[in-house]
1. So is Gly291 buried (at least 24 other Cβ atoms within 10 Å of the Cβ), touching a Pro at 6+ places or on another chain (Cβ under 7 Å) and assigned by TED's automatic domain parsing to the domain that holds Thr183 or not?
2. Determine, yes or no, whether Gly151 is touching a residue at least 24 places away in the same chain (Cβ under 8 Å) and not assigned by TED's automatic domain parsing to the domain that holds Ala307.
3. Go through region 58-85 and give me each residue that's touching a residue at least 60 places away in the same chain (Cβ under 8 Å) and touching a His at 6+ places or on another chain (Cβ under 7 Å).
4. Select the helices (runs of 4 or more DSSP H) contained entirely in region 106-192, then report the ones holding at least 3 residues which are modelled with pLDDT of 95 or more, among the hydrophobic types (A, V, I, L, M, F, W, C) and under 30 Å from Ser50 (Cα atoms).
5. Considering only residues that are closer than 27 Å to Val352 by Cα and either of a type in the set (Asp, Glu) or surrounded by fewer than 21 Cβ atoms within 10 Å (Cβ to Cβ) (or both), which ones fall in region 300-315?
6. Determine which single condition Trp283 fails, assuming it passes every other condition in (1) over 29 Å from Gln10 (Cα atoms); (2) buried (at least 18 other Cβ atoms within 10 Å of the Cβ).
7. Exactly one of (1) within 30 Å of Val266 (Cβ to Cβ); (2) free of Cβ contacts under 8 Å to residues at least 12 places away in the same chain; (3) among the hydrophobic types (A, V, I, L, M, F, W, C) is unmet by Cys194. Its number?
8. Looking at region 106-126, which of its residues are surrounded by fewer than 24 Cβ atoms within 10 Å (Cβ to Cβ) and among the hydrophobic types (A, V, I, L, M, F, W, C)?
Amino acid sequence: MRITHIDRWQVVVPIDADALNSPEFDPLDEDLAYFWKTPKHIIRIHTDDSGIVGIGETPRGCPDAQMERAIETITGMEVDEIDLHALPVPAGAAYGAVEMALFDVVGKLLGVTAARLLGAQVRDRVAVDYWTARRTPEDLARKARQGKELGFHSIKIKCALEDPNVERLQAVVDAVGPDFKVTIDPNCRFHLPCHAIALADALGDLRQSVAVFEDPVPKGNLDWYVLLRQQLQVPIALHLGSGRAVFDAVRRGAVDMLNISPYSMVEFVRQCYIAEQAGVPVWHGSGVDLGILDMSYVHACAAAPAATLPSDIVGNFVRDDDLIVDPIVIRDGCAEVPDKPGLGIELDEAAVAEYEVSRD
């Protein structure tokens, strides 16, 4: 089977403003604008078997030249002769899009799911979190109720040290009860271990509603994370993307959990294996993505025994469109793994046309 040509679109799909900050925290601040202003690439691989195509999606901000070079490299090649590791950008964002599109092609050719191609499919349902950014306590309570009504059992939030974090947690408990868990992600904005410890102490009994502190302090100092794990009264996690970083974190005993999000499905499963040997559970991070990339996360989690924690797979709840015909099915806080071959999804060409900013 030979790759005959590859379609490529650049798209910008807005994110629902109600998924981001409360107005009091500047809903259009520069960092969050990155979610909806930065283009993504969508690709579709065509083969000389007219019935088999494969689709892929990059994270935000993949350079045009990187995507073009990857496409030029594999166009005209026989699918069974492609060495993914020999692509010119093996660590880049373009690599991930090509990888998932090829898994889609080969899965359809063999009649198996992408998760099966990753080694083994160990689960049919993948736990997922609801998601939002920085909220006032009252507004976060509303979003927590919204998430619970949609069937979620937990929510991930963004925050900073100066925010009303104790009041936020109290508002969630009052709104949906202590069993609805909250992942607190300050993106290192608790600054110092003493600040994270002080917040955990101030939470008191509200700690039972905290799933984890993710990246509370700068990630370059594992000594701080070892200290926090010894003294913090809530679980602690790092958001990592390389096998070396995962190995170092678990070897040092610096984490209770891990958020792993490399560009590659194969690399995710490999890094989860490292975590599994250390007894560290994992979830898959995201960039609040579109349907193709989100579905690749579903298959990767379905193939990784350690990926037992709720992952950030909620793009179809917070984006104006996910660009796939049928959205990912999420029931009772879990995304269902399709039983169709490959990724098990179909590109919505009309939606792509609506949101495209360039096509090649």
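The values are calculated or read from the model by the stated rules, or taken from the named source; none is laboratory data. Quick caveat, the model's predicted, so the values are computed rather than measured. A quick note on method: Cβ atoms are made from the backbone with ideal geometry, for glycine too, and the neighbour counts reach across all protein chains shown.
1. Yes; evaluated as a whole, the condition is true for this residue.
2. Working: touching a residue at least 24 places away in the same chain (Cβ under 8 Å): yes; not assigned by TED's automatic domain parsing to the domain that holds Ala307: no.
So Gly151 fails the test.
3. Answer for region 58-85, where residues must be touching a residue at least 60 places away in the same chain (Cβ under 8 Å) and touching a His at 6+ places or on another chain (Cβ under 7 Å): Thr58, Thr75.
4. Values: elements: 114-117, 137-149, 165-176.
Fully inside region 106-192 and qualifying: 114-117.
5. Asp312
6. Of the numbered conditions (1) over 29 Å from Gln10 (Cα atoms); (2) buried (at least 18 other Cβ atoms within 10 Å of the Cβ), the odd one out for Trp283 is (1).
7. Answer for Cys194: the failing condition is (1).
8. Those that are surrounded by fewer than 24 Cβ atoms within 10 Å (Cβ to Cβ) and among the hydrophobic types (A, V, I, L, M, F, W, C): Val106, Leu109, Leu110, Val112, Leu117, Leu118, Ala120, Val122.
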